[in-house]
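Novice: Here it is, the structure in full.
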Amino acid sequence: MKIKCFLLLLLFSYFCQAQELIDGIAAIVGENVILKSEFDQFARLNASQLHIDPTKDTEKYLELLKRSLDALIDENILLEQAKIETIEVKDRDVENTLNQQIENMIAQAGSKEAAEQILGSSISKIKRDYRSVIKNRLIVEKLRSEKFQKTTVSRREINTFYQTYKDSLPKIPPTLDFSHILILIKPGEAEDANAISLGDSLLTAIKSGEDFSLLAKKYSDDLASATYGGDLGYIKRGGFIKEFEEVAFSLNPGEISTLIKTTFGYHIIQTIDRKGENINVRHILIKPKSSEQNIIKSKAFADSIYNLIENGLVFDSAVVRYSDDPDAKITKGRIRRIPKNQIQQEEFITVLDSLRSGQISHVFQTMLGFHILRLNAVYDDTWTTLEQWALEYKKNQLYREWVSKLRSQFFIDIK
């Protein structure tokens, strides 16, 4: 959200500079002038962000015009108040924030060149021109932060907030802490060879001009993405397993990988687009088919590990010694404080729901293999989350009241 706001800010400022000063004045705040061109462009960019068509959604756009002018006036008032309270920010903080925002903008645009094309100027010029814009924004943020940093909420205020907004508040899921042992169903040599053969033939077909998307729909064993032609959407670096990610980020847009092996099977990867540390990729997954004998063997091994744990083997030791999870030795299979609604495997949720804290599950199977879970703890974050929401709501209310009072203390002339 902050990246989008900064991009909006830069675009707004560029449009303002492009306008002639003779176009008129929208408002005067103290000694500061808000040009009609600034106001108009700011409102139109806000409309674009909110998907409001000024020619069709006239009523919504008129309301947006008022909010946009109010926002510009408020910012100028706060800058005037910051002068009175001698609020200052350090140059290095301005520089660091500017550099970080520029990096974020480049990541969002996809490249330095794309960002420069969007803004119609070089990155070096953007930095020169908008150092003062960033400085003003940091001053306003610091002023607001210092004004309300000691604000607290009482239990009564939290309860009142909840009773007032409970119908519109999102459900707060419990947070789970659990540990995990994975035993893969390892295919035999013949099954592995068959998967490689199919992968190679699909790769040849793609290079010969056949449609990647259609082949993914027909052959990929990743059923979730196969529906979309293998498209995984935009995913940030760190969101893939290591072997997959290294290849995906090494490809140029449109380029297709060789056959890549991961824990899940064999992949053909195509990078569709890249925006900084985010890439849009699609893939075809070929999983070596496991024979009934392979499944029985893996299940028996998982059961033997469960029996060892039941007879005294420490769960963490079993994870390090036996789990096929590549990160097991580092994490000891522990997944800390993950919201329940972020657990993607439905089988995991079903099993975890059946456990008490400290209890270990029986062996169960997913499409990846066999698993044993230990539920370490369940945290109810409802009150903490409600407290955070209520505090933020109170701060916003106090902020609006404060700005309203400040408006009466400064000369404001809306043209």
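Novice: Between K166 and Q365, how many nm apart are label points set 7 Å from Cα along the C-beta direction?
Specialist: Computed distance between label sites K166 and Q365 equals 4.5 nm.
Novice: I need the calculated FRET efficiency for the pair E392 and A193, taking r as the beta carbon distance and R₀ as 51 Å, to the nearest 0.05.
Specialist: 0.30
Novice: Let me ask something else about it. At T258 and R131, where each label point lies 7 Å from the Cα along Cα→Cβ, what is the point-to-point distance in nanometres?
Specialist: My value for the distance between the label points is 4.9 nm.
Novice: In the stretch 302-415, with Lys and Arg counted as +1 and Asp and Glu as -1 at Cβ, which of these residues, N396, F410, V363, has the Cα nearest the positive end of the dipole, that is, farthest along it?
Specialist: F410
Novice: How high is the FRET efficiency from K405 to H51, r the C-beta distance, R0 35 Å, rounded to 0.05?
Specialist: Numbers: r = 34 Å, r/R0 = 0.97.
E(calc), rounded to 0.05, equals 0.55.
Novice: I would also like to ask the following. Listing E59, E85 from the residue with the fewest other Cβ atoms within 10 Å to the one with the most, what is the order? Don't jump to the answer; show the numbers that get you there.
Specialist: Working: E59 8, E85 12.
With the fewest neighbours first, E59, E85 line up as E59, E85.
Novice: With each pseudo-label sitting 7 Å past Cα toward Cβ, what's the N32-R155 distance in nm, one decimal?
Specialist: Spacing of the two 7 Å Cα→Cβ label points: 4.3 nm.
Novice: Give me F264, F364 sorted ascending by neighbouring Cβ count inside 10 Å, so fewest comes first.
Specialist: F364, F264
Novice: Same structure, new question: Can you give me the Cα centroid spacing of the stretch 311-345 and the stretch 149-213 in angstrom?
Specialist: 17
Novice: Beyond 30 Å between alpha-carbons counts as too far, so tell me which of K36/K56; K127/K415; K150/K415; K147/K340; K56/K142; K236/K287 fall in that bin.
Specialist: On the way: K36/K56 22 Å; K127/K415 32 Å; K150/K415 38 Å; K147/K340 36 Å; K56/K142 39 Å; K236/K287 25 Å.
Where the Cα-Cα span goes over 30 Å, the pairs concerned are K127/K415; K150/K415; K147/K340; K56/K142.
Novice: Here is a further query. Under the 0.36 nm per residue contour assumption, what length would be gained going from the current alpha-carbon distance of S124 and D380 to full extension?
Specialist: 87.3 nm
The numbers here are math on the coordinates, done by the rules we state, and not lab data. Since this is a predicted model, take the numbers as computed values, not measurements. All Cβ positions, even for glycine, are placed from backbone atoms using ideal geometry, and neighbour counts span all protein chains on display.
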